[in-house]
Amino acid sequence: MIDKDMPVLTMKIVNQLTHLSARQIRYYEANELISPSRSEGGQRLYSIHDVELIGQVKLLIEKGFNMKKIKEELDRLNRSAQKSADETSPQYIEEDFSTNYIKKVLSGESREIPLTRGDLSRFYKQKK
DNA sequence: ATTCTCACA
DNA sequence: TGTGAGGA
């Protein structure tokens, strides 16, 4: 199982997953919209959860929201969705399709990854 | 080969 | 937001 909060994705992978530039992704971080961890060498390591967040940010930007508004919106969505998530155990990705998919990405076996936010969400399952 | 920070002829 | 410099 891969925990959704495990920091295992490099910038390159996230670029492919989100179709966003490293510049844009770092900019989101500068505005406290995401909080990737760092490797010993200082490289950012993103979790699946981070990627989902980035996808939401991308959508809101396309709707014309500025960074301040997006942060407020994200916080609001988080608070309402967190109440139910807090009581449950950590979320996991299904061991079959999504895990194999992630492994392909991590191994570099899969180069082009035309995924949209909507596509990505289908890889996850809420564990109750 | 990748990513990081900083700064803008 | 892009991009080049300079370093890890």
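These residues, A:ILE34, A:ILE61, go from largest to smallest accessible area, 1.4 Å probe, as A:ILE61, A:ILE34.
Across the options A:ILE34, A:LEU60, A:LEU17, the greatest Cα extent toward the positive end of the charge dipole of region A:14-69 (unit charges at beta carbon of Lys, Arg, Asp, Glu) belongs to A:LEU60. What FRET efficiency comes out for A:SER21 versus A:ARG76 if R0 is 25 angstrom and r is the Cβ-Cβ distance? Round to the nearest 0.05. Approximately 0.40, to the nearest 0.05.
Accessible surface comparison of A:MET67, A:MET6, probe 1.4 Å, protein chains only, largest first: the order is A:MET6, A:MET67. The distance between label points at A:MET67 and A:ASN31 comes to 0.6 nm (points 7 Å beyond Cα on the Cα→Cβ vector).
The values are calculated or read from the model by the stated rules, or taken from the named source; none is laboratory data. Small disclaimer: the values here were computed from a predicted structure and weren't measured. Here Cβ is always computed from backbone atoms with ideal geometry, including for glycine, and neighbour counts include all displayed protein chains. Calculation scope for accessible area: heavy atoms of the full protein, side chains included, ligands and nucleic acids excluded. Shrake-Rupley method; radii C 1.70, N 1.55, O 1.52, S 1.80 Å.
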